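Notes for the one structure printed next.
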Amino acid sequence: MSIQPEVFESVKEFLKVAPGLILLPLSGYLAWKKISNKVLASFSTYHSRTSASRIGNIVLSNLKDKPVPIFSIYATIDRHIAIKVEEFNPPIILKGLESLSIDTSPVSNYYIGKDEYEPNFMPPRKIELYVFSIGRPIKCKITNSHSIESFKEFSHYSTAISSTRKFNGFVYNDNVLYAIIYHFEGKLKTAFVEDGGFITNEWDFQYNMIPKEQMKNISGVIDFLKHCKYNELFTNFSVISPTENERRQ
């Protein structure tokens with residue numbers, strides 16, 4: 001069976017055009033990917049007795065290599081209620097392939113018409129975030145799973161929970177038996193006395209080790225400080241047990 005010359009020529013012409021026909025939808029898809037936006041968002045909620053519940057902090061991550069100007073951010077609840085989370089004038093810029101943390105402004109109340117509305121951002125409510133930029137609003141992909149327990153590969157781990165105790169703004173643990181609070185050169189200072197007698201934290205003086213026999217109680221620590229003439233160096237001072245102080249509160 002022989003192929004007619006005109007058929008052969010038609011096939012040749014089609015093959016010349018075919019690659020363009022195949023590449024056309026691919027080019028369109030790539031162009032759409034280039035001009036579209038993709039933003040990830042995570043948020044925390046804030047609750048207070050003196051202001052309305054709100055989305056307190058938002059972290060936006062731009063997955064595209066182009067900037068996104070942001071005029072406002074809105075949240076929707078169960079695809080029924082829309083709430084303005086924050087507005088920016090002038091707009092802020094979310095740079096390409098970068099992240100941005102936003103602390104939102106508190107509000108006194110929300111109203112729908114004349115009725116006061118108390119938003120609930122907690123599960124099982126469906127919360128969606130929209131970034132209003134140039135053109136259509138950008139629906140953010142919510143990624144609020146920052147806890148290790150939310151990932152299946154860590155489900156068999158036991159999680160150690162941190163506990164932080166502070167005294168005068170400084171973190172301490174059970175190794176601290178006493179705290180020395182004193183005024184020196186017009187500034188309030190806080191030093192810690194470890195269970196071995198070593199004085200740490202805000203303490204830059206020559207004598208920094210309290211003998212064991214004077215570590216038995218607060219009176220012994222005070223006697224040590226007076227023996228070293230620190231009572232003459234400081235404007236005033238006191239010694240307390242942070243642990244006992246915590247128990248009394």
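The values are calculated or read from the model by the stated rules, or taken from the named source; none is laboratory data. Predicted model only: the values in this text are computed from it and were never measured. A quick note on method: Cβ atoms are made from the backbone with ideal geometry, for glycine too, and the neighbour counts reach across all protein chains shown.
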(message) I'm trying to understand the selection: among the residues of the stretch 66-81, which are surrounded by 12 or more Cβ atoms within 10 Å (Cβ to Cβ), touching a strand residue (DSSP E or B) at 6+ places or on another chain (Cβ under 8 Å) and either of a type in the set (Val, Ile, Thr) or over 18 Å from Ser44 (Cβ atoms) (or both)?
(response) Pro67, Val68, Pro69, Ile70, Phe71, Ser72, Ile73, Thr76, Ile77, Ile81
(request) Please enumerate the residues belonging to the stretch 188-212 that are under 13 Å from Phe237 (Cβ atoms) and in a strand (DSSP E or B). (result) Leu188, Lys189, Thr190, Ala191, Val193, Ile199
(request) Could you pull out the residue among Glu149, Glu194 that is out of contact with any helix residue (DSSP H, G or I) (no Cβ under 9 Å at 6 or more places or on another chain), modelled with pLDDT under 95 and of a type in the set (D, E, K, R)? (result) Glu149
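Tell me which residues, restricted to the stretch 88-97, are under 21 Å from the mean Cα position of the chain (by Cα) and loosely packed, with under 13 Cβ neighbours inside 10 Å.
Across the stretch 88-97, the qualifying residues are Lys95, Gly96, Leu97.
Does Val85 count as surrounded by 15 or more Cβ atoms within 10 Å (Cβ to Cβ) and out of contact with any Phe, Trp or Tyr (no Cβ under 7 Å at 6 or more places or on another chain)? Full working, then the answer.
Details: surrounded by 15 or more Cβ atoms within 10 Å (Cβ to Cβ): yes; out of contact with any Phe, Trp or Tyr (no Cβ under 7 Å at 6 or more places or on another chain): no.
Considered against the rule, which asks whether it is surrounded by 15 or more Cβ atoms within 10 Å (Cβ to Cβ) and out of contact with any Phe, Trp or Tyr (no Cβ under 7 Å at 6 or more places or on another chain), Val85 comes out as no.
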(message) Just to check your reading of the model, which residue among Ile134, Ile138 is surrounded by 14 or more Cβ atoms within 10 Å (Cβ to Cβ), closer than 30 Å to Leu40 by Cβ, touching a residue at least 40 places away in the same chain (Cβ under 8 Å) and out of contact with any Gly (no Cβ under 8 Å at 6 or more places or on another chain)?
(response) Ile138
(request) List the number of the failed condition for Asn201; all other conditions in (1) within 30 Å of Ser44 (Cβ to Cβ); (2) polar (S, T, N, Q); (3) buried (at least 17 other Cβ atoms within 10 Å of the Cβ) hold. (result) (1)
(message) What's the number of the only condition in (1) exposed (fewer than 11 other Cβ atoms within 10 Å of the Cβ); (2) more than 42 Å from the chain's Cα centre (by Cα) that Tyr230 fails to meet?
(response) (1)
(request) With the checklist (1) part of a loop (DSSP other than H, G, I, E, B); (2) at pLDDT below 95; (3) closer than 19 Å to Ser42 by Cα in hand, flag the one item Leu97 doesn't pass. (result) (2)
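Could you tell me how many of the residues in the stretch 107-128 are within 19 Å of the chain's Cα centre (by Cα) and exposed (fewer than 12 other Cβ atoms within 10 Å of the Cβ)?
Within the stretch 107-128, residues that are within 19 Å of the chain's Cα centre (by Cα) and exposed (fewer than 12 other Cβ atoms within 10 Å of the Cβ) number 1.
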(request) List every residue pair whose Cβ atoms lie under 7 Å apart, where the two residues are 6 or more positions apart in sequence or sit on different chains, the first residue falls within the stretch 173-196 and is not assigned by TED's automatic domain parsing to the domain that holds Ile210, and the second residue, located anywhere, is at pLDDT below 95 and assigned to a strand (DSSP E or B). (result) none
